[in-house]
Amino acid sequence: MQVVRTNKTIIETEEFKIGDQIKVKLKDFGDVTLTAQKITDDGVLFMFDRVITSSFMNESSTNSVDYESSDLFKWLHTELYEQFPEDIKKHITDISIPTYKQIFGVYDYTKFEFIGDEQFELMKKGKNRIFFDLEDKSCWYWLQDLAYDKLQSTNYFEVVDGYGELNKTYCDDDSVGVVPIIFLH
């Protein structure tokens with residue numbers, strides 16, 4: 001696969017490093033760039049470099065369901081998945097959006113339960129948490145995590161705001177961006 005390394009060198013390789021970038025042509029979204037965020041023995045986790053669309057988490061203003069039961073989760077696994085070329089689709093083992101922990105790591109003061117795994121190395125720099133849409137405007141984007149204490153339910157999900165900081169918004173806010181992540185084996 002053709003890869004762009006952090007020093008902007010273009011090489012052919014199947015051995016990825018964190019920071020390597022690949023370009024993929026999606027049917028309706030055109031060419032997109034994805035950056036390797038995590039390397040495992042089972043494959044590579046890539047994150048889109050831009051917000052590709054804005055969407056609600058749930059069409060109704062409730063999060064009585066978790067991320068895996070959300071409308072956005074369904075959209076990612078159906079409509080977005082179908083956008084990929086066949087040679088990439090056969091290697092996708094997961095398609096999602098990032099978790100709080102992948103973007104921010106764990107802070108001692110929080111009382112939330114985290115899902116996912118360790119913070120992406122590239123996200124340790126605050127500037128890397130700021131994402132832009134196709135018109136080069138910084139924008140908010142969804143995280144998988146419900147923004148609530150286990151003792152108290154709300155209709156919020158966590159988001160990253162245009163400054164790369166943690167925030168929250170209603171699940172039916174359709175102005176929030178989507179930054180997909182995919183795992184390729």
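Okay, here's what the table says:
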item: Flag if VAL3 is of a type in the set (A, V, I, L, M, F, W, C) and at pLDDT below 95; result: yes
item: Strands (runs of 3 or more DSSP E) wholly inside the range 1-60 that include at least 1 residues being open to solvent by 10 Å² or more (accessible area, probe 1.4 Å), without any contact (Cβ under 8 Å) to a residue 60 or more places away in the chain and on the phi < 0 side of the Ramachandran plot; result: 2-4, 10-12, 21-26, 30-40
item: Search result, residues across the range 156-167 that are open to solvent by 40 Å² or more (accessible area, probe 1.4 Å) and either modelled with pLDDT under 90 or aliphatic (A, V, I, L, M) (or both); result: TYR156, LEU166
item: Selected residue (only one of ILE95, ILE88 is more than 17 Å from the chain's Cα centre (by Cα) and not charged (D, E, K, R)); result: ILE88
item: Test: PHE104 is open to solvent by less than 20 Å² (accessible area, probe 1.4 Å) and not aliphatic (A, V, I, L, M); result: yes
item: All positions within the range 63-89 that are open to solvent by 30 Å² or more (accessible area, probe 1.4 Å) and modelled with pLDDT under 95; result: SER64, VAL65, ASP66, GLU68, SER69, ASP71, ASP87
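The values are calculated or read from the model by the stated rules, or taken from the named source; none is laboratory data. Predicted model, so just to flag it, every value in this text is computed and none were measured. So basically every Cβ, Gly included, is an ideal-geometry build from the backbone, and we count neighbours across all protein chains shown. SASA here: full protein model, heavy atoms, side chains in, ligands and nucleic acids out. Shrake-Rupley method; radii C 1.70, N 1.55, O 1.52, S 1.80 Å.
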